[in-house]
Amino acid sequence: MKIKESIMNGVGKVNHVIANIGAYLNYQILEPHYPLLGVEVTEDALYLMKLKKIKKQWKMVVFDSEPLEEGTVKVAPLEPNVTDISLIVPHMRALWSRNKIEDKQLSLLIPDKSVIIFIIKLEHTTSKKEADRLIQWKLRKSVPFPIELAKVSWMVMSADPVDKKMNILVTLIKKEIVEQYEKIAQSVDASIALVDIPFFNFVNYLRFTSPGAVIKEQDFIAINHNGTYLTIGLFSGGDLSLFKCRVIQHKATGNYEEYKKEIVKELHPLVMYYFDQIGRKDLKTVFIKAGNQAMQEVVKEKYGFTIEQPSLRDAITFENSPTILAEDVDSHLPLAGLLLGRRLS
């Protein structure tokens, strides 16, 4: 699957393979080169990451975090996400000051649940103009606010293996939510060059580190768990077939067995759709971000799938600094995926 550039214009990014000098020059001149400084905003913290390429090797030179008071960020696609920007500004400035950041542009990762995502099916013969009209019509029927208040973008992903129609990925985010996150960057005199969400950049990281075209042709499930929500994507032949992002209640309450039941409730329909509707039998691997034992138990015990937990060490070396070595950096793969997703490998 090819994923579009950002929530500002779409969602996600495409990993480019540069085949010849003409393509290389085209990449250098025409393709956007996004900052190698990234900030992730979650419900409980701000995370800062900076990468640098040294002798063809990617190196993490900064990784740091600032905890946020409970309730400062409330993730929702229909409501403002930041209750009071003044509660975040001191933490953002502390990150900048402590790490001596002078960059004027950054890439920003905001929670999956801040964005509304649809997979819409259209006939193959549909023109771009007609697709625009049909997508707007479908959104007006489905979204509980005027479309004019949102940033909307879409891209053709693939042909659906069941009904042979086009699968179109549509992303929608309220403008006021984007503007709130922009103010966080403005508090350190920086601007945002790229806004995106963790799930697609988790997949971007998998693509960046995958040998050859393996993952681009594979059947797999990718799972991003973050705070109180769970995002799951089913990929068939490398293309996204089903996507869901749901609030998980029992993670916050600490009820382990109920949390596992909620995971099954969200995961099982995707697994059944794959085997019963798509009719393929090659789904064996689930990619999970590090740090969720309950998820691993469900995937292994109920379905017998192979669990893959990619590591940042697959693609990145680390500066010998206390702030990097002390953190569980593997749980922040999507932030690395955001920074690496458009880079020459």
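Numbers for the structure displayed
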quantity: Label-to-label distance, nm, for residues given as HIS268 and LYS284 (7 Å Cα→Cβ offset); calculated: 2.6
quantity: Rounded, prolate or oblate (a/c below 1.5 giving rounded, otherwise prolate when a/b exceeds b/c) for the range 66-128 by Cα gyration tensor; calculated: oblate
quantity: Vicinal HN-Hα couplings computed from phi for the range 134-151 (Karplus, 6.51 cos²θ - 1.76 cosθ + 1.60; Hz; Gly/Pro x); calculated: 5, 5, 4, 5, 5, 5, 4, 7, 9, 9, x, 7, x, 4, 4, 8, 10, 8
quantity: Listed residue pairs exceeding 32 Å between alpha carbons, taken from LYS52/LYS261; LYS56/LYS113; LYS121/LYS289; LYS53/LYS165; LYS50/LYS138; calculated: LYS52/LYS261; LYS56/LYS113; LYS53/LYS165; LYS50/LYS138
quantity: Contour excess over end-to-end distance, with Cα ends at SER191 and GLU70 and 0.36 nm allotted per residue; calculated: 41.0 nm
quantity: Debye, to nearest 20: dipole size of the range 42-148, +1 on Lys, Arg Cβ, -1 on Asp, Glu Cβ; calculated: 840
quantity: Relative packing of 257-263, 137-143, which averages over residues the other C-beta atoms within 10 Å, highest first; calculated: 257-263, 137-143
quantity: Under 5 Å, built H, 5+ apart or other chain: amide partners of THR317; calculated: TRP58, LYS59, MET60
quantity: Cβ-defined net charge surrounding ALA222, 10 Å radius [Lys, Arg +1; Asp, Glu -1]; calculated: 0
quantity: Using θ = phi - 60° and Karplus 6.51 cos²θ - 1.76 cosθ + 1.60, couplings along the range 126-132 (whole Hz; Gly, Pro as x); calculated: 5, 6, 4, 4, 5, 4, 4
quantity: Within the range 218-314: Cβ-based charge dipole about Cα centre, in debye rounded to nearest 20 (Lys, Arg +1; Asp, Glu -1); calculated: 100
quantity: Gained length - ALA94 relative to LEU149, 0.36 nm times residue gap less alpha-carbon distance; calculated: 16.5 nm
quantity: Global geometry of the range 253-323, whether rounded, prolate or oblate, following the gyration tensor of its Cα atoms and the 1.5 cut on a/c; calculated: oblate
quantity: Förster-model FRET efficiency, 35 Å R0, LEU78 and GLN105, C-beta, rounded to 0.05; calculated: 0.75
quantity: Simple spin-label estimate for GLU301 and LYS56 in nanometres, 7 Å along Cα-Cβ; calculated: 4.7
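Values in this text are rule-based calculations from the coordinates and carry no lab data. Keep in mind that this is a model prediction, so the values were computed, not measured. Ideal geometry is used to build each Cβ from the backbone, glycine not excepted, and the neighbour counts take in all protein chains shown.
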